[in-house]
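Report on one structure; see the data block that follows.
The values are calculated or read from the model by the stated rules, or taken from the named source; none is laboratory data. Predicted model only: the values in this text are computed from it and were never measured. Here the Cβ is made from the backbone with ideal geometry for all residues, glycine too, and neighbour counts use every protein chain on show.
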Amino acid sequence: MQRPEFVVDYAPRRQFEAFHDRRQRFACIVTHRRAGKTVACIYDLQRAAVSSERLRSRYAYLSPFLKQSKTVAWDYLRSAMAPLRRLGATVHESELRVDYPKGGQVRLYGADNPDALRGIYLDGIVLDEYADMDPRVWSEIIRPALADRGGWAVFIGTPKGRNAFFELWRRAQSEANARSRRRWSAPTTGS
């Protein structure tokens, strides 16, 4: 029996085309507000969950607060998965989770309760507004959750001085990291 194909109603903004084609394990996107980074990352998470061949693949969107994740990204995720409902994708409102037909999941989390993240495994994650998170969430919880499955991470946000996000941005630009890290920026709104 042939599997039905699905069509995703998403055309990336020009500044995110290269991001969607990346091969690096770690990426960093620094742009102004309303540049489209959250939408680009939600579709990237969904693409990964739908196309993964791994058993029970798990992807996450993490912002500083769970309520912020729900406010910023939940409507985008539900909208992105809507065309896939006919193929068996389901939404779990109370868990802020979408399950896809081949077993992949995308779930929203908040860094305000880091202990709730302990013990999970991840195949990929987007850390939104990383500058507002305690950097230990990455080093002590998220990085280990990615390690056993070789998962990837995308750090997105807006500049907020010289902090852990700034240092990550600087490391992503070095030649030595070109194979494992990459960074993007978007100079104008609506491009």
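Restricting the search to the range 57-76, which residues are assigned to a helix (DSSP H, G or I), of a type in the set (S, T, N, Q) and buried (at least 17 other Cβ atoms within 10 Å of the Cβ)? Let's see the steps before the verdict.
Step one: list which residues in the range 57-76 are assigned to a helix (DSSP H, G or I), which gives 66-76.
So of that shortlist, the ones also of a type in the set (S, T, N, Q) come out as 68-69, 71.
Across the range 57-76, the qualifying residues are 68, 69.
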Pair list, Cβ < 7 Å and 6+ apart or interchain, from the range 71-96 residues that are within 16 Å of residue 42 (Cα to Cα) to residues that are charged (D, E, K, R) and part of a loop (DSSP other than H, G, I, E, B): 83/9
Residues satisfying the stated conditions in the range 134-157, i.e. under 19 Å from residue 106 (Cβ atoms), of a type outside the set (D, E, K, R) and not in a helix (DSSP H, G or I): 150, 151, 152, 153, 154, 155, 156
Mind checking which residues of the range 101-147 are of a type in the set (Phe, Trp, Tyr) and at pLDDT 95 or above? 109, 121
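Could you please let me know if residue 96 is at positive phi, among the hydrophobic types (A, V, I, L, M, F, W, C) and out of contact with any Gly (no Cβ under 9 Å at 6 or more places or on another chain)?
yes
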Of all residues making up the range 77-111, the number that are assigned to a helix (DSSP H, G or I) and surrounded by fewer than 17 Cβ atoms within 10 Å (Cβ to Cβ): 10
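Which is of a type in the set (Gly, Ala, Ser), over 17 Å from the mean Cα position of the chain (by Cα) and under 15 Å from residue 58 (Cβ atoms), of 116, 82?
Working: 82 fails: under 15 Å from residue 58 (Cβ atoms).
On inspection, the qualifying residue turns out to be 116.
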